[in-house]
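Student: The structure follows.
The values are calculated or read from the model by the stated rules, or taken from the named source; none is laboratory data. Note that this is a predicted model, so its numbers are computed, not measured. Cβ placement follows ideal geometry from the backbone for every residue including glycine, while neighbour counts extend to all protein chains displayed.
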Amino acid sequence: MNTDSALAALAALAHPTRLETFRQLIRHEPEGLSTGALVAASGLSQSTFSTHLAVLAKAGLVIAEKRGRQQIQRADVSTLVALMTFLARDCCQGRAELCEPLLAELTCC
């Protein structure tokens, strides 16, 4: 991941609706959720929610899959991993022990 991609992903997640949508999709990996279910959970109109979904998709955080008559949205976990790696790689300056609290937090739950 490069700086531009990281900034696009962070900007996409910097809105309450988009952040909550992405978190919902992460919780429902790998099966994903229908667009209709996401719209209903958001409480927004279809058109307003579609705008938010488009921002997430453009940033590479969400992938749409057609399943029968439904449009299923899935989180792109590889983008999440790339973003987290990008953010953490340089901050530790090669000292893995500085990232141990982060790793412990991720594995505890």
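Student: Just the residues that are of a type in the set (Val, Ile, Thr), in contact with a helix residue (DSSP H, G or I) (Cβ under 7 Å, 6 or more places away or on another chain) and under 16 Å from Leu13 (Cβ atoms), please, taken from the stretch 28-77.
Tutor: The answer is Val55, Val62.
Student: Here is a further query. If I ask for residues that are touching a helix residue (DSSP H, G or I) at 6+ places or on another chain (Cβ under 9 Å) and either hydroxyl-bearing (Ser, Thr, Tyr) or not in a helix (DSSP H, G or I) (or both), which ones from the stretch 1-27 would you list?
Tutor: Result: Met1, Asn2, Thr3, Ser5, His15, Thr17, Thr21.
Student: Report, by residue number, each residue of the stretch 28-44 that is of a type outside the set (A, V, I, L, M, F, W, C) and in a helix (DSSP H, G or I).
Tutor: Thr35, Gly36, Ser42
Student: Would you mind telling me which numbered condition in (1) within 30 Å of Glu100 (Cβ to Cβ); (2) over 12 Å from the mean Cα position of the chain (by Cα); (3) free of Cβ contacts under 8 Å to residues at least 12 places away in the same chain Ser78 fails?
Tutor: Here Ser78 meets the rest and fails (2).
Student: Tell me yes or no: at least one residue of the stretch 87-100 is exposed (fewer than 14 other Cβ atoms within 10 Å of the Cβ), modelled with pLDDT of 90 or more, assigned to a loop (DSSP other than H, G, I, E, B) and basic (Lys, Arg).
Tutor: no
Student: Looking only at the stretch 60-93, count every residue that is acidic (Asp, Glu) and farther than 18 Å from Gln24 by Cβ and tell me the total.
Tutor: Residues meeting the conditions: 1.
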